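The values are calculated or read from the model by the stated rules, or taken from the named source; none is laboratory data. Being a predicted model, the structure only gives us computed values, none of them experimental. Backbone-built Cβ (ideal geometry, glycine too); neighbour counts: all protein chains shown. What goes into the accessible areas is simple: the full protein's heavy atoms, side chains included, and nothing from ligands, DNA or RNA. Shrake-Rupley method; radii C 1.70, N 1.55, O 1.52, S 1.80 Å.
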Amino acid sequence: MKDLKPGKKYNFAVVAENKIGQSEPQEISKPVELKKKATKPAPPEGPIVFSDIKKTSVVITWKPSPDDGGAKVTGYYVEMREAPKSTWSRCTSTTADITSYCVQRLKERQEYFFRVFAENKVGRSDALVSDGVTIKSDIGKWAGVLET
């Protein structure tokens, strides 16, 4: 049975065997579809979009992972880092149906980078990484200015 391929349907029959001999083959009532072994999901789809930029917060939004790797995506993990630092910090984790997050307690005039991972029962995807965004003060009626 080495030549079976994932995604194909196969009919199987079961035979019982003991010291006396074998039973008649009993066919399984409906074909069985072989599934490939699950892998980690693809990264969420980008780009990461910035909105509602305020003095100390920004909303980031991404699109779901286009490939769950054969196992349902269970959630997303969001990390951030300040420029020019290289260390990433965890912001939050979300369920699979949530693809945006309001990041708070940011520093004014600081540039930030964000990354998002998809996760399923096998593991985490590679990261979707944002461009940089600089948080600016409120200016008049505008919520903020985005610099990339």
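Quick notes
- Residue count for segment 57-69 under the criterion of being crowded, with 16+ Cβ neighbours inside 10 Å and out of contact with any strand residue (DSSP E or B) (no Cβ under 7 Å at 6 or more places or on another chain): the result is 2.
- Every residue from segment 78-104 that is aliphatic (A, V, I, L, M) and part of a strand (DSSP E or B): V78, M80, V103
- The C-beta contact set for segment 1-22 (first residue farther than 12 Å from E33 by Cβ, second residue among the charged types (D, E, K, R), distance under 9 angstrom, 6+ apart or interchain) comprises A13/E27; V14/E27; V15/E24.
- Selected residue (criterion: least open to solvent (accessible area, probe 1.4 Å)) from residues of segment 70-86 that are of a type in the set (V, I, T) and over 18 Å from V133 (Cβ atoms): V73
- Scanning segment 49-77 for residues that are in a strand (DSSP E or B) and either farther than 28 Å from K37 by Cβ or touching a residue at least 40 places away in the same chain (Cβ under 8 Å) (or both) yields V49, F50, S51, V58, V59, I60, T61, W62, G75, Y76, Y77.
- Count of segment 12-29 residues, restricted to those that are part of a loop (DSSP other than H, G, I, E, B), open to solvent by 100 Å² or more (accessible area, probe 1.4 Å) and modelled with pLDDT of 80 or more, is 3.
- Number of the exception - R90 against (1) open to solvent by 80 Å² or more (accessible area, probe 1.4 Å); (2) closer than 21 Å to K136 by Cα: (2)
- Considering segment 78-96, and only residues there that are in contact (Cβ under 8 Å) with a residue 24 or more places away in the chain and charged (D, E, K, R), the residue that is farthest from A42 (Cα to Cα) turns out to be E82.
Matching residues to (1) open to solvent by less than 40 Å² (accessible area, probe 1.4 Å); (2) aromatic (F, W, Y):
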{"site": "D97", "(1), (2)": "no, no"}
{"site": "R109", "(1), (2)": "no, no"}
{"site": "F117", "(1), (2)": "yes, yes"}
{"site": "G123", "(1), (2)": "yes, no"}
{"site": "S130", "(1), (2)": "yes, no"}
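- Selected residue (only one of I20, I53 is among the hydrophobic types (A, V, I, L, M, F, W, C) and either within 23 Å of the chain's Cα centre (by Cα) or over 30 Å from S93 (Cα atoms) (or both)): I20
- Residue that is surrounded by 10 or more Cβ atoms within 10 Å (Cβ to Cβ), under 35 Å from the mean Cα position of the chain (by Cα), at pLDDT below 75 and assigned to a loop (DSSP other than H, G, I, E, B), where the choices are K40, K2, K35: K35
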